[in-house]
Amino acid sequence: MKKTTRILSAFVTFVAVFYFTFWIFGAIVSIFFDSDPPKWAMVISSIASFITAGYLANRVWKKQGNKKPSQGSYILAGALGVGVVGFILGFFGPLILTPEANQGPLLGILITGPAGIALGAIGGSIYGEIKKRKAKKVVKANQN
């Protein structure tokens, strides 16, 4: 995998995990105090969030260093790719074609987005299986 993709995905992972864990840890800390926790408690929340985000970004970095993609990566890529396209078409299509319909975006949220995710996952699974079988045939041909 290209180094820029690895850097970008590790960075996005770090930022997202830090953001969400900071608020979760902050909410947990504020339970033990009144609604306004002391500054040292928020510093502890920040440190715990930083450590958690750093660990998970490191795991993403190492995991993407693998040369051979797994079946799950094909499934995830297919589900995300087709799901996002289905959601965008179903959400923005009715807004453009029939702007007076107030329930148009629900098509993307409830139907085309989830259907795209399901169909993309199935397609990614089939594609991954085809790639795996082709790789086995190549290895078998090289052994003969």
Relative to the longest principal Cα axis of the chain, at what angle does helix 113-143 sit, 0 to 90 degrees, rounded to 10? 50
Per residue accessible area of the stretch 1-78, 1.4 Å probe, in Å²: 76
Using 7 Å Cα-to-Cβ label points, what is the Phe20/Ala141 separation (nm, one decimal)? 4.3
Those chymotrypsin sites (Phe, Trp or Tyr not before Pro) in the stretch 1-51 that DSSP places in a loop and that have at most 11 other beta carbons within 10 Å: Phe33
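Taking a temperature of 37 °C and a viscosity of 0.692 mPa s, what whole-number D in µm²/s does Stokes-Einstein yield for the stretch 94-144 with Rh from Kirkwood over alpha carbon pairs? Numbers along the way, then the final one.
Details: Rh = 14.0 Å.
D, rounded to a whole number, is 234 µm²/s.
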Cross-link list Lys62/Lys132; Lys3/Lys68; Lys63/Lys140; Lys68/Lys131; Lys68/Lys137; Lys68/Lys140: which exceed 21 angstrom alpha carbon to alpha carbon? Lys62/Lys132; Lys63/Lys140
Among 113-119, 57-63, how do they line up from the highest to the lowest mean number of other beta-carbon atoms within 10 Å? 113-119, 57-63
Accessible-area composition of the stretch 31-80, carbon plus sulfur, in percent [1.4 Å probe]: 68
Which label marks the calculated value of Cα Rg over 2.2 N^0.38 Å, given the options (1) 1.50; (2) 1.10; (3) 2.01? (1)
Accessible carbon and sulfur surface of the stretch 91-144 relative to its total accessible area, %, 1.4 Å: 67
For a label point 7 Å along the Cα-to-beta-carbon line of Ile28, residues of the stretch 44-70 with backbone N under 17 Å: 44-56
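The values are calculated or read from the model by the stated rules, or taken from the named source; none is laboratory data. No experiment lies behind these values; they were computed from the predicted model shown. Note: ideal-geometry Cβ built from the backbone for every residue, glycine included; neighbour counts use all protein chains shown. Each accessible area value is taken on the protein alone, full model and side chains, heavy atoms only, with ligands, DNA and RNA left out. Shrake-Rupley method; radii C 1.70, N 1.55, O 1.52, S 1.80 Å.
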